[in-house]
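The values are calculated or read from the model by the stated rules, or taken from the named source; none is laboratory data. Given the structure is predicted, the values throughout are model-derived calculations rather than measurements. Cβ coordinates were reconstructed from backbone atoms using ideal geometry, including for glycine residues, and neighbour counts include every protein chain displayed.
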Amino acid sequence: MTDVWELVHAERAALADDLERLTDEQWREPSLCEGWSVHDVAAHLVDNARATPFGVVWAMARARGNFDRQNQQGMERNQGATPRETLSRLREVAPRRSGPPAPVDSRLVEEVLHGEDIRRPLGIWHDYSADGVERALRYQARVSEGLGGGRQRAERVTLHANDVELSIGDGPEVRGPALALLMVISGRSVALADLEGPGLSLLG
């Protein structure tokens, strides 16, 4: 299996290349993250890549323990005055291997999900690593929603990917691409259209 950091770095580089081609108007488009533009999500990814265990503890204290506030403050702190400045920062931090006090697979989940948060509204298609998406989906399916995972949704159904060898759970089946399964158990309902099966209504 490919080293997870290699997968993370590849996704960061690919997203930066896609962002390079955007117009200023596209940078201002709403992302799939409620209340955040494409530019905001890119800045959040800069914040993520710069994260260290101590830095996350400090940021959470500064946000008085509020996870959403911490994300907002981190995004604002790392956003450049222009999209080009933010993109430059994203390329600068792309090779980093630091992160919060969490399994490294969580970094892969962040890159894939936020990559789609940016690309889907803009109609940009990206060929993700099958190994990377499978690994991200397996991680997300076992982590509680309270920690940013999708376990509670995943436990309602059997997740059956039709593009990789993966089947998780024992409830009514939901079938489709692993990327769509990952997005849906992570709260991105836009990907429901890519799935089918008797368990679909349990994820809606």
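The set of residues from the range 143-161 being touching an Asp or Glu at 6+ places or on another chain (Cβ under 6 Å) and more than 17 Å from residue 195 (Cα to Cα) comprises just one member, 152.
The condition (being under 30 Å from residue 23 (Cα atoms) and within 16 Å of the chain's Cα centre (by Cα)) is satisfied by just one residue among 184, 143: 184. Which one of these is crowded, with 18+ Cβ neighbours inside 10 Å and either more than 17 Å from the chain's Cα centre (by Cα) or outside the structural domain of residue 49 (by TED's automatic domain parsing) (or both): 112, 164, 157? Result: 157 is the single residue among 112, 164, 157 that is crowded, with 18+ Cβ neighbours inside 10 Å and either more than 17 Å from the chain's Cα centre (by Cα) or outside the structural domain of residue 49 (by TED's automatic domain parsing) (or both).
So that you can scan it fast, the table gives a plain yes or no per residue for (1) among the small types (Gly, Ala, Ser); (2) under 18 Å from residue 130 (Cα atoms):
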{"residue": "161", "(1), (2)": "yes, yes"}
{"residue": "164", "(1), (2)": "no, yes"}
{"residue": "175", "(1), (2)": "no, yes"}
{"residue": "178", "(1), (2)": "yes, yes"}
{"residue": "184", "(1), (2)": "no, yes"}
{"residue": "188", "(1), (2)": "no, no"}
{"residue": "191", "(1), (2)": "yes, yes"}
{"residue": "196", "(1), (2)": "no, no"}
{"residue": "200", "(1), (2)": "no, no"}
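Residue check: residue 68 meets all listed conditions (1) out of contact with any strand residue (DSSP E or B) (no Cβ under 6 Å at 6 or more places or on another chain); (2) modelled with pLDDT of 95 or more but one, namely (2).
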